[in-house]
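Reading through the structure tokens given below for one structure.
Derivation of every value follows stated rules applied to the coordinates shown; laboratory data play no part. Not measured: the values here are computed from a predicted model. Glycine also receives a Cβ, built like all others from the backbone with ideal geometry; neighbour counts cover every protein chain displayed.
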């Protein structure tokens, strides 16, 4: 199963350590871990904290045990994050395939990635969110930014703004 939540990426991969350290060494239930993440990382609400908890688990930086969530004994190394993004995040393989076919003249945009995956957005997400298209376009933008953070994608600039992405050196 692939994870749906894709939080806003940090400015540097090392910033993941702060989020990882906010998860306890002694297992805690979801509510306790989310409260701790919110408090220590200044997250705006429980849903954002819950998304981060799930995402950190997907990256192998947090583990879920029978007694709750616990910080994993793993570093947020680029190789680990790359592998876990590829294997555990919904639509990451589709994004990587699109990036492989992209060029600097025709880079992949969040709208392109959304269009390529639109028909596979889970039905329950469409039903519960009246603005699901905007939500999933934003998610596509965050996913591409995460891929760029770990050198699986490279932003293509145009007029001082990111116009899209192409495959990175680590792809």
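At-a-glance table
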| item | result |
| --- | --- |
| Separation between Cα centres of region 58-120 and region 121-143, rounded to whole Å | 16 Å |
| Gaussian network model of the chain, Cα within-10 Å springs - most flexible of 48, 117, 65 | 65 |
| Ranked list, fewest to most other Cβ atoms within 10 Å of each Cβ, for 131, 111 | 131, 111 |
| Contact order relative to length of region 90-167, as percent, for alpha carbon pairs under 8 angstrom and 6 or more apart | 40 percent |
| Segment residue 159-residue 8, length gained on full extension (0.36 nm per residue, minus Cα span) | 52.0 nm |
| Between 0 and 90°, nearest 10: helix 30-41 axis offset from the chain longest Cα axis | 70 degrees |
| Estimated inter-spin distance, residue 103 and residue 138, nm [label 7 Å along Cα→Cβ] | 3.5 nm |
| Sum of -39500 (n - 2.57) over DSSP H runs of 4+, divided by residues of the chain (222 nm, nearest 500) | -15000 deg cm²/dmol |
| FRET efficiency, 1/(1 + (r/R0)^6) with R0 35 Å, evaluated for residue 46 and residue 116 via beta carbons | 0.65 |
| Max mean-square fluctuation residue, GNM over the chain, Cα-Cα springs under 10 Å, options 126, 80, 21 | 126 |
